[in-house]
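Taking it in order: structure first as structure tokens, then the write-up.
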Amino acid sequence: MNSTDATNFKIRKATPTDLPLIVQLIHELAVYEKMEDEAVADENLLNEWIFDKKTAEVVIGELAGTPVGFALFFQNFSTFVGKAGLYLEDLYVRPEYRGRGFGKALLIHLSQIAKSRNLGRFEWVCLDWNQPSIDFYLSIGATPMKDWTIYRLAGEKLDKLAGLK
């Protein structure tokens, strides 16, 4: 990040007035990840889960007041470590701002949150095809968990297992 960007880049905690922006950034991320059909969150849902129930947090990165990206994260728990951890659900920097250090600044900010809360881990997932992100994560020292596969139940399959269908 050049000195002008560093001086003018700020990371702040999102507030409910940011909900339209958060929805927009999530949509942009979904387009980038080729998953637009799966992005169904709206302002009401995000307000309920982020601001009312406080199950997740959002920070927004701004360059001279212009939103350039965001991170959505929450605490999980490791039975092996015996502590909560920070789980990064989404990190997104708008294409025109990539390669300038804003994503790294957001990750540094989140790592500082993890350390200040005495959390044991900082984890996230990355799509297998997203080589630019994979290269970036490796460059900051992140370790890919090659022996693990993520499983997911959602929609009708979740309803069926829960005995609702």
Worksheet item: Which of the residues spanning segment 33-68 are at positive phi and either in contact with a Ser or Thr (Cβ under 8 Å, 6 or more places away or on another chain) or in contact (Cβ under 8 Å) with a residue 40 or more places away in the chain (or both)?
Response: ALA64
Item to complete: Pick out the one residue from ASP37, ASP5, ASP18 that is loosely packed, with under 15 Cβ neighbours inside 10 Å and either within 26 Å of ASN130 (Cβ to Cβ) or in contact with an Asp or Glu (Cβ under 6 Å, 6 or more places away or on another chain) (or both).
Response: ASP37
Item to complete: Identify, from the list LYS10, LYS34, the residue that is at pLDDT below 95 and basic (Lys, Arg).
Response: LYS34
Worksheet item: Going through segment 118-144 one residue at a time, which ones are part of a loop (DSSP other than H, G, I, E, B), under 23 Å from LYS34 (Cα atoms) and of a type outside the set (D, E, K, R)?
Response: VAL125, CYS126, LEU127, TRP129, ASN130, PRO144
Practice prompt. Would you check if there is a residue in segment 103-125 being loosely packed, with under 13 Cβ neighbours inside 10 Å and closer than 19 Å to LEU21 by Cβ?
Written response: no
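Yes/no matrix, rows are residues, columns are (1) modelled with pLDDT of 95 or more; (2) in a strand (DSSP E or B); (3) of a type in the set (Phe, Trp, Tyr):
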{"site": "THR55", "(1), (2), (3)": "yes, no, no"}
{"site": "GLU62", "(1), (2), (3)": "yes, yes, no"}
{"site": "GLY69", "(1), (2), (3)": "yes, yes, no"}
{"site": "PHE73", "(1), (2), (3)": "yes, yes, yes"}
{"site": "ASN76", "(1), (2), (3)": "yes, yes, no"}
{"site": "GLU89", "(1), (2), (3)": "yes, yes, no"}
{"site": "GLU96", "(1), (2), (3)": "yes, no, no"}
{"site": "GLY99", "(1), (2), (3)": "no, no, no"}
Worksheet item: Going by the conditions given, is LYS115 part of a helix (DSSP H, G or I), under 16 Å from PHE73 (Cβ atoms), of a type outside the set (Asp, Glu) and without any contact (Cβ under 8 Å) to a residue 40 or more places away in the chain?
Response: yes
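The values are calculated or read from the model by the stated rules, or taken from the named source; none is laboratory data. Computed from a predicted structure; not experimentally measured. We place every Cβ from the backbone using ideal geometry, glycine too, and count neighbours over all the protein chains shown.
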